[in-house]
Amino acid sequence: MRIAARADELQALRELGTLEQTEPRTGDEAVRDELTRRADGYVQADVDAWLAHALAAHLGHYRDPAAREEAAGLLTPPVLAHAALLAELARLVPGADVDVDVDELAFAARIATTEPEAASALAALLTRVEGTQA
């Protein structure tokens, strides 16, 4: 019942246009699955982008490294790839704060959705590039 109630809450926030201002909570990965089930399998890009942003920026329960690690087993490869790209771009591009430039970095979601393996590889490459420049 908690998952269904949180799904109702997130749906209402989406309709109000305030989802991106909401911090994720423990169990929101299951809520994502519930929202997808309710939509007859349609993947809701705004919910996935919200989760990826929260994971990359360590918002809500994702402040805890254990929660981020657990999310890796619960979220889909495109969401994880999107989060990885956002995190690396925020570190590499001066002024590209993942909290501020969500719209500017929207291309990361498109890449991660269409080619999650390539997006993950790009994030790994950017990590290595950053390591060699340090």
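Tabulated values for the structure
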item	result
Derived scalar couplings ³J(HN,Hα) [region 68-77; Karplus, 6.51 cos²θ - 1.76 cosθ + 1.60; whole Hz; x for Gly, Pro]	5, 5, 5, 4, 4, x, 10, 8, 6, x
Of all accessible heavy-atom area on the chain, the percent that carbon and sulfur account for (1.4 Å)	58 percent
Surrounding net charge for H61, when Lys and Arg each add one and Asp and Glu each subtract one, Cβ distance under 13 Å	-2
Separation of the A118 and T22 label points, Cα + 7 Å toward Cβ, nm	3.3 nm
Heavy atoms of R128: accessible area, 1.4 Å probe, square angstrom to 10	150 Å²
Relative contact order %, the chain, counting alpha carbon pairs below 8 Å whose residues are six or more apart	21 percent
Theoretical ellipticity at 222 nm over the chain - DSSP helices of four or more residues, -39500 (n - 2.57) apiece, nearest 500	-21500 deg cm²/dmol
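The values are calculated or read from the model by the stated rules, or taken from the named source; none is laboratory data. Note that the structure is a prediction, hence the values are computed from the model and not measured. Every residue, glycine as well, gets a Cβ built from its backbone with ideal geometry; the counts of neighbours run over all protein chains shown. When the accessible area is computed, the model is the full protein with side chains, heavy atoms only, and any ligands, DNA or RNA have been set aside. Shrake-Rupley method; radii C 1.70, N 1.55, O 1.52, S 1.80 Å.
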